[in-house]
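K.L.:
A single structure is presented below for examination.
A short reminder: the numbers here are calculations on the coordinates, not readings from a lab. Predicted model, so just to flag it, every value in this text is computed and none were measured. A quick note on method: Cβ atoms are made from the backbone with ideal geometry, for glycine too, and the neighbour counts reach across all protein chains shown.
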Amino acid sequence: MATVATASPSLRRLFTFFAATFSVLLLLMIAFHTGLDFGESAHVLYGNGGDRTQSAPHRKLFLRSEVEPDRIWGDKCSKSDIVINQGPTAPLPSGIPTYTVEIMNVCVNGCDISGIHLSCGWFSSARLVNPRIFKRLRYNDCVVNDGKPLANGRALSFQYANTFRYPLSVSSVVC
């Protein structure tokens, strides 16, 4: 039986072709399984006041569960009616990374949601965040919009600067 090293040139080419094809298919399967997307490229947009922000079409800034909330019949809203998107923006002149956070009320029942509290760890920022929009009360408890209602379909946004991104998630709401 001939080995690859002693096989004819046509057999070696055939073996190389199948090995390369297998490698490409394996890489594509790994990329598909991990959710990589090669089709989107970032674009630089200029917002208010010349702030530079990174954006991409159809972006998903923060992974969240796509599961419908478990509503008890008659409930007006739930924690899942508040959506948090978070993504990197241009760093401060000192080089500290900045992040933009957008908090949206997407209640399908048309409800205004108040008392929005987020799990936020030891949130802190090198850039001042308006405390009427977002404020840490204690460890892992931050309040949005000073506890006032966030109207249906409305969104609040702010930027913060820190060496790492804080994971933010809704801990409680008042309907």
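K.L.:
Residues of the range 143-175 with amide nitrogen under 17 Å from the 7 Å Cα-to-Cβ point of residue 76?
P.N.:
In the range 143-175, the label zone of residue 76 (backbone N under 17 Å from the point 7 Å along Cα→Cβ) covers 147-154, 172-175.
K.L.:
So if each residue of separation counts as 0.36 nm, and I subtract the Cα-Cα distance between residue 139 and residue 96, what length gain in nm does that give?
P.N.:
Details: separation 43, 0.36 × 43 = 15.48 nm, distance 2.27 nm.
Going from the current span to full extension adds 13.2 nm.
K.L.:
Still on this structure, I have one more. If r is the Cβ-Cβ distance from residue 124 to residue 146 and R0 is 25 Å, what FRET efficiency results, to the nearest 0.05?
P.N.:
0.85
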